[in-house]
Amino acid sequence: MALKSAWELALERTGGKSPVKLTDAQKAKLAELDKLYTAKIAQEELILKPKIADAQEAGDAEAVQKLEGQLQTVLGRIRRKRESEKEAVRQTP
């Protein structure tokens, strides 16, 4: 089975249609969303990574696992929300 390129996968997702051209306003909004959500991700990492490090130093493997899971959950939620908002911008005429 041959691996598909990113271009081929994108064409499959869009049904072979060419991607829609974005306006300057849409591009600006997408950049703004990226900046906003990058900051939110960094904020969560600044909160949880020191707690993870403290738990590691204390040798509390259970707490480390719990905090890492919490971090992944929070980051996943933020990334999904970012992509949802970006998709809404892309769909706006």
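The values are calculated or read from the model by the stated rules, or taken from the named source; none is laboratory data. Just so we're clear, the structure is a prediction, and the values are computed from it rather than from any experiment. Positions of Cβ are generated from backbone atoms using ideal geometry, with glycine treated the same way; all protein chains shown enter the neighbour counts.
Could you list all residues from region 55-80 that are acidic (Asp, Glu) and either within 30 Å of Leu30 (Cα to Cα) or touching a Lys or Arg at 6+ places or on another chain (Cβ under 7 Å) (or both)? The one that is acidic (Asp, Glu) and either within 30 Å of Leu30 (Cα to Cα) or touching a Lys or Arg at 6+ places or on another chain (Cβ under 7 Å) (or both): Glu68. Exactly one residue out of Glu87, Glu32 is of a type in the set (D, E, K, R) and either modelled with pLDDT under 95 or not in a helix (DSSP H, G or I) (or both): that is Glu87.
Among the residues here, Leu67 does not qualify as out of contact with any Gly (no Cβ under 8 Å at 6 or more places or on another chain), free of Cβ contacts under 8 Å to residues at least 60 places away in the same chain and in a loop (DSSP other than H, G, I, E, B). Flag: Lys49 does not match the condition of being of a type outside the set (A, V, I, L, M), in contact (Cβ under 8 Å) with a residue 12 or more places away in the chain, under 30 Å from Lys21 (Cα atoms) and surrounded by 12 or more Cβ atoms within 10 Å (Cβ to Cβ).
When Leu48, Leu22 are screened for being in a helix (DSSP H, G or I) and aliphatic (A, V, I, L, M), only Leu48 passes.
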